[in-house]
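Every read-out reported here was derived from the displayed coordinates using simple, explicitly stated rules and does not represent laboratory data. The structure displayed is predicted, hence computed values, not measured ones. Using ideal geometry, Cβ is built from the backbone for each residue, glycine included, and neighbour counts are taken over all protein chains shown.
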Ligand code: 13P
């Protein structure tokens, strides 16, 4: 009897020990991957900035933001198609560390598609990132999940990186917002191989927060990002999920950016209105740069 109790005790202790080791390894791995995941600030100029204005804004931003850019903090400018080639030249000679992105693309490499621009064309002027699934394109151009999946495939197959936007239309419960986002991810991303998926950047943009000045509470954004990461983990494994940057977009500005960026699953921002003024944009970049995950590395 005494012998049995002793054996049971030892067995239990061993089990507890193993569980503790397992959990601490998981936490440590997550922390290491969190600390190595790059932070990103992306400027989406949308259909703003005439020729001269755009060049002036880019020059101001390049000059003031370059000192903050490093492998741990990446900054991407997404102007209209009009400015891409000129900005591409400005960003590469001399190299400024800041990257170039496009707001859209066609999924075919070339052909009779009047008014469209293909991924290889974007590649040739220095574009590295392409926005896909922005709510304005989903709504105003009726871009559906299948078309978005084709665009994502085209971007990845030419060695560029999609910045894939997802988010619910209206304020709702966390549970139904997450269900909407999970469907968007499944419909347009989950056909990708692991290698292609590892190139994807995600941007959570609740539609009701875009350009309205209203935002979810930062803790709610953290909860959503963590739910998104868990969804990716279930599909592609925990390591890959921990490597993917998840950005927040929707009325993110110099006043609220720092609060969003302190949360562990908020890896940066997709900035609309506040990217149109150098001062405001620089402050958002500074807010990310001041976070321990960036400035301590
Ligand atoms: P605002 O920052 O103007 O709300 O826009 C967000 C957005 O749509 C970025 O893609």
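Once the Cα gyration tensor of the range 133-176 is diagonalised, what are the square roots of 5 times its eigenvalues, in whole Å and ordered largest first, as equivalent ellipsoid semi-axes?
Those come to 24, 13, 8 Å.
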Between the alpha-carbon centers of the range 63-117 and the range 254-297, tell me the distance in whole angstrom. 20
Compute and list, largest first, the equivalent-ellipsoid semi-axes of the range 205-247 from the alpha carbon gyration tensor, each √(5λ) rounded to a whole angstrom. 25, 9, 8
Compactness summary of the range 177-240: radius of gyration and Dmax from Cα atoms, Å, are 12.8, 37
Going by C-beta contacts inside 10 Å, put 248, 263, 113 in order with the fewest on the left. 113, 263, 248
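Take the eigenvalues of the Cα gyration tensor for the chain, scale each by 5, and report the square roots as semi-axes in whole Å, largest first.
Working: eigenvalues 284, 96, 69 Å².
After diagonalising the Cα gyration tensor, the semi-axes are 38, 22, 19 Å.
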Running Debye on the range 148-258 with equal point scatterers at the Cα sites and no solvent, what base-10 log of I(q)/I(0) appears at q = 0.12 Å⁻¹? -0.41
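In terms of the ratio Rg/(2.2 N^0.38 Å) built on C-alpha atoms, what value belongs to the range 42-169?
On the way: Rg = 14.6 Å, N = 128, 2.2 N^0.38 = 13.9 Å.
For the range 42-169, the normalised Cα radius of gyration is 1.05.
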For the range 194-282, state the average projected area of the convex hull of the C-alpha atoms over all orientations, rounded to one decimal in nm². 5.9
What is the Å³ per residue value for the convex hull set by the Cα atoms of the range 98-219? 132
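What is the packing order of peptides 56-67, 275-286, 196-207, taking the mean over residues of other C-beta atoms within 10 Å and listing the highest first?
Numbers: 56-67: 16.9, 275-286: 19.3, 196-207: 21.7.
The peptides rank, most packed first, as 196-207, 275-286, 56-67.
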Translational D in µm²/s for the range 42-115 (Stokes-Einstein at 37 °C, 0.692 mPa s, Kirkwood Rh from C-alpha pairs): 248
